[in-house]
Amino acid sequence: MMCVVAVLAIVALLAAGRGTRIANRARRTAAIADMEAIRAGFMDTGYGLMHDWETLPGFSPATLRIANLLASTNVWGCAPGELLPVRIDGGIVRAGVAQGRFFTEWNEEAQRGWRGGYVNAPKIIPFPACDEAKSFYPALDGLLLPGEWNDPARASAYGFTGEAAIADPWGNPYVLQVPPPQAWTNVATVSATERFKYARIVSAGPDGILSTPCFRPNETNMTETAWNAITRRISRQAGRDGGNVALRGDDLVVFLLRNDIDEGDGR
């Protein structure tokens, strides 16, 4: 009887492990499908956010977030002659000077404007409060990014505490990563458009920890004051170095505009 019980216990453990693996595969498949839908929300040539963004003056694609897909006016923009971006939610100024005239609904006759939301999200959650362990609020000290993003109590480049976010199958928000200017050799002159070419959607994966390098200081890519060619490439390519993506941990990554390839040391 003891042998039978032992065998049954082993079988149960094997079955549980197999069930867990199947469930994780299903979640990964669902996450990739979500990320492709989010990508389409940004990049669809007929009805995507970026298509509509091009009809409006002054917006920087380098400051977009996933939340921008879910609302009609929740975007960052720069007024003509202004260098600092302003963030407007439904006409409410969060920083800078009100420039509400640029945040208009879609005009069919003029074929310009804003048509959010841009994605049918299966599950909306509030962007989490700051939790250093999960890295959704990366340290941005010394980076050439809007100062409001470096408020560790409520704001980051990935989202603002409490704003709408799309949940991945593990209950964490998908984020949009756009590498900072320091990820290029021409830090002072690299354009927002160039930075956005390396934009990607990232899920923190089963462990819920956002490991994919972009802004976050860690021992592998951000400890140097002056970034060398390797650290720049790691930031641009979401942790890919020499073909290796180990720095991403168990994160899932989908690029918006480029293939997930290793470009080498050329930039």
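Each value in this text was obtained by applying a stated rule to the coordinates, not by laboratory testing. Predicted model only: the values in this text are computed from it and were never measured. Here Cβ is always computed from backbone atoms with ideal geometry, including for glycine, and neighbour counts include all displayed protein chains.
Just subtract the alpha-carbon distance of Asn120 and Glu36 from 0.36 nm times their residue separation and send over the number in nm, one decimal.
29.0 nm
List the trypsin sites (Lys or Arg not before Pro) within the stretch 120-207 that DSSP assigns to loop and that have no more than 16 neighbouring Cβ atoms inside 10 Å.
Here the trypsin sites (Lys or Arg not before Pro) that fit, given the DSSP loop and packing criteria, are Lys123, Lys134, Arg154, Lys197.
Starting from 0.36 nm per residue, how many nanometres of slack lie between Met2 and Lys134 once their C-alpha separation is accounted for? Walk me through the intermediate numbers first.
Details: separation 132, 0.36 × 132 = 47.52 nm, distance 4.45 nm.
So the extension gain works out to 43.1 nm.
Can you figure out the FRET efficiency of Ala23 with Val187, using R₀ = 45 Å and their beta-carbon distance, to the nearest 0.05?
Result of the calculation: an efficiency of 0.55.
How much length, in nm to one decimal, is gained on full extension between Asn259 and Leu144, taken as 0.36 nm per residue of separation minus their Cα-Cα distance? Walk me through the intermediate numbers first.
Working: separation 115, 0.36 × 115 = 41.40 nm, distance 2.60 nm.
Full-extension gain reported as 38.8 nm.
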